[in-house]
Amino acid sequence: MKIVSSKEVYKCKLFRVTEDRAVDEKNDFEIDRSVVRHVGSAVMMAVDDKKRILLVRQYRLPAEKNLWELPAGRLDPGEKPLQAARRELAEETGYRARNWEKLASFWVSPGYVQERMTIFLATGLTEGKATPMDDERIEAGWFTRKELAAMIHSGRIEDAKTMIGFLLWERRR
């Protein structure tokens, strides 16, 4: 497949939208799609010495409710996922981590969104002061493995990155 045309139809501070056409001349096949272009995001699975997982609770406008989830944030221009993870963990929770390990990198919804999310395990934590953005009201909380598993099983955790991060962390234990 080769993209033969791409036109930007919308742009904001978080993403842009393009109308794209791709063709495969060899097989006489073409695709027309609107694509949400996103620079990517970093997710932090912060685990303390007691093996508790740090979650944040904040209002998510598309979900129209507060969600418990792993802390995460968008990459700034030119930033690598690990740099964003370090920055976002400190901004959203105040915590800093001595040890970082990549757990996974995946496409969020590849049918129409060009966002790659990278999940990092963060350990060796030290506490600090959070500095969330003006439009963020974040509550942080610590959860045991058993509590988080029960929250996922009961449907209290509805966030995919949190489920993926937890399941990958669980599997490696």
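One residue alone among ARG33, ARG96 is over 12 Å from the mean Cα position of the chain (by Cα) and in the same structural domain as PHE166 (by TED's automatic domain parsing), and that residue is ARG96. The condition of being exposed (fewer than 15 other Cβ atoms within 10 Å of the Cβ) and within 18 Å of the chain's Cα centre (by Cα) holds for LEU168.
Being touching a Pro at 6+ places or on another chain (Cβ under 9 Å), assigned by TED's automatic domain parsing to the domain that holds LEU61 and either under 19 Å from LEU14 (Cα atoms) or of a type in the set (Asp, Glu) (or both): is that true of GLU88 here? Against the criterion (touching a Pro at 6+ places or on another chain (Cβ under 9 Å), assigned by TED's automatic domain parsing to the domain that holds LEU61 and either under 19 Å from LEU14 (Cα atoms) or of a type in the set (Asp, Glu) (or both)), GLU88 qualifies.
Answer yes if at least one residue in the stretch 100-119 is over 16 Å from the mean Cα position of the chain (by Cα), closer than 18 Å to VAL47 by Cα and either of a type in the set (Ser, Thr, Tyr) or not assigned by TED's automatic domain parsing to the domain that holds GLN83 (or both), and no otherwise. Looking for residues that are over 16 Å from the mean Cα position of the chain (by Cα), closer than 18 Å to VAL47 by Cα and either of a type in the set (Ser, Thr, Tyr) or not assigned by TED's automatic domain parsing to the domain that holds GLN83 (or both), one finds none in the stretch 100-119, hence no. Annotation: of all residues in the stretch 33-65 being among the hydrophobic types (A, V, I, L, M, F, W, C) and part of a loop (DSSP other than H, G, I, E, B), the one that is farthest from MET151 (Cα to Cα) is VAL39. Scanning the stretch 16-49 for residues that are under 15 Å from SER109 (Cβ atoms) and hydroxyl-bearing (Ser, Thr, Tyr) turns up SER34, SER41. All of (1) touching a strand residue (DSSP E or B) at 6+ places or on another chain (Cβ under 7 Å); (2) surrounded by 15 or more Cβ atoms within 10 Å (Cβ to Cβ); (3) closer than 19 Å to GLU69 by Cα hold for GLN114 with one exception: (3).
The values are calculated or read from the model by the stated rules, or taken from the named source; none is laboratory data. All values reported here derive from a predicted model rather than from experimental measurement. Backbone-built Cβ (ideal geometry, glycine too); neighbour counts: all protein chains shown.
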